[in-house]
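The values are calculated or read from the model by the stated rules, or taken from the named source; none is laboratory data. Because the structure is a prediction, the values reported are computed rather than measured. Note that we place each Cβ from the backbone using ideal geometry, even for glycine, and neighbour counts take in every protein chain shown.
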Amino acid sequence: MNFPEKLFACWHPVAYSKEVAKDKPYGTFLLEQAIVIWRSTAGGVHAMRDLCIHRGTALSLGWIKDDCLVCPYHAWQYDTKGACVFIPQAPAAKIPAKAKTPTYHCRERYGLIWVALKDPAYPLPEIPKLEDDNWKVVQTGPFEWKSDASRQVENFTDFGHFPWVHPGLLGDPERPVVPDYKVTRNGAILSYSVVRPEAQNSAEFPVFANSDVVKPERRSNYKLHLPYSIVLNLGWGGEKGMVYFFVSQPISPNKCRGYCIIGRNYDKDEPDTVLQNFEQVIFDQDKRVVESQRPEQVPFDFAEELHLKFDAVAMNYRRAMKAEGLSY
């Protein structure tokens with residue numbers, strides 16, 4: 001499959017910060033491109049094509065020396081600009097101009113490493129709560145699925161499946177009706193809010209601030225940043241709040257890796273494992289269903305699937321992706 005060119009001009013997550021060590025390169029794939037992430041002495045992150053020009057070896061198998069990435073095959077050294085600066089087998093020879101590997105835009109924020117393969121068309125979402133010391137932040141996952149990132153994102157925004165895929169955790173089969181809601185679009189950002197029923201906290205996973213409510217309702221405010229990022233602010237009518245930041249790494253047309261970062265201003269002494277285990281259960285329940293969908297990618301042609309009123313997010317997502325030149 002040929003990805004639309006504009007997807008290469010978007011910021012995408014490629015790893016949690018903690019996955020990229022100071023002394024070891026990290027290899028991954030983004031839009032079917034092999035890339036390597038590594039840190040220089042000052043801790044700054046760099047992204048390059050994971051390829052030594054000499055014999056096509058993966059640089060991610062190498063090591064870091066003198067602020068250079070060293071190829072594991074013949075120990076050629078590449079600097080932060082992707083240029084080969086030392087060839088041990090011919091130290092006195094002039095290094096050919098071709099001895100380099102492409103570099104990419106790379107930055108670190110929200111505990112994630114981000115890469116754009118071309119000049120970014122959109123900024124990263126602004127999520128002040130994730131950078132506020134009054135909010136406890138927990139990283140969950142990552143969640144690797146055999147599906148396109150578009151399917152993973154669309155599932156996260158789907159209201160109708162909660163009672164059936166997550167009964168007793170996110171939804172109640174006795175309350176399956178999706179409330180009316182409206183989706184508005186501002187460029188590459190979709191906004192929508194819904195007040196919907198949810199299940200009581202379980203004894204195993206006391207994660208939401210709804211324990212004193214007989215029939216709990218959740219106020220959910222979403223901002224979907226195209227192509228694959230969602231900021232979800234949750235509330236229950238009081239001061240307690242929660243923010244979810246979900247973003248998917250498009251590895252290939254049928255493989256993605258989701259990152260879910262959660263912040264909340266309550267239960268800050270609760271072990272991180274409570275949220276991490278809860279999300280593992282939720283994402284595993286979703287994974288089974290979404291990996292069965294065909295095609296593995298969201299079909300952006302409206303005629304290919306059936307849409308009803310409560311599918312307003314999916315319809316607007318597909319329409320906006322096409323309008324922004326991000327759809328297949």
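Results for (1) among the aliphatic types (A, V, I, L, M); (2) out of contact with any helix residue (DSSP H, G or I) (no Cβ under 8 Å at 6 or more places or on another chain); (3) assigned to a loop (DSSP other than H, G, I, E, B); (4) modelled with pLDDT of 95 or more, shown as yes or no for each residue.
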{"residue": "Met1", "(1), (2), (3), (4)": "yes, yes, yes, no"}
{"residue": "Ala15", "(1), (2), (3), (4)": "yes, yes, no, yes"}
{"residue": "Cys52", "(1), (2), (3), (4)": "no, no, yes, yes"}
{"residue": "Arg55", "(1), (2), (3), (4)": "no, yes, yes, no"}
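Assess whether Ala116 counts as being among the small types (Gly, Ala, Ser), within 18 Å of Ala47 (Cα to Cα), surrounded by 14 or more Cβ atoms within 10 Å (Cβ to Cβ) and in contact with a helix residue (DSSP H, G or I) (Cβ under 9 Å, 6 or more places away or on another chain). Criteria met by Ala116.
To keep it simple, each residue is scored yes or no on (1) within 16 Å of the chain's Cα centre (by Cα); (2) in the same structural domain as Tyr228 (by TED's automatic domain parsing); (3) aromatic (Phe, Trp, Tyr).
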{"residue": "Val247", "(1), (2), (3)": "yes, yes, no"}
{"residue": "Pro250", "(1), (2), (3)": "yes, yes, no"}
{"residue": "Pro271", "(1), (2), (3)": "no, yes, no"}
{"residue": "Val281", "(1), (2), (3)": "no, yes, no"}
{"residue": "Arg288", "(1), (2), (3)": "no, yes, no"}
{"residue": "Phe300", "(1), (2), (3)": "no, yes, yes"}
{"residue": "Phe310", "(1), (2), (3)": "no, yes, yes"}
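Checking Thr140 against (1) part of a strand (DSSP E or B); (2) out of contact with any Lys or Arg (no Cβ under 9 Å at 6 or more places or on another chain); (3) surrounded by fewer than 21 Cβ atoms within 10 Å (Cβ to Cβ), only one condition comes out false. Which one? Here Thr140 meets the rest and fails (3). Taking the range 199-284 as the region of interest, the strands (runs of 3 or more DSSP E) fully inside it that hold 2 or more residues being more than 19 Å from Phe143 (Cα to Cα) are 217-225, 229-235, 241-252.
Screening the candidates Ala83, Ala9 for the property of being over 26 Å from the mean Cα position of the chain (by Cα) and not assigned by TED's automatic domain parsing to the domain that holds His225 yields one hit, Ala83. Would you point out the residue of the range 287-312, among those that are at pLDDT 90 or above and part of a helix (DSSP H, G or I), that is surrounded by the most Cβ atoms within 10 Å (Cβ to Cβ)? Step by step, filter the range 287-312, then rank; the result is Lys287.
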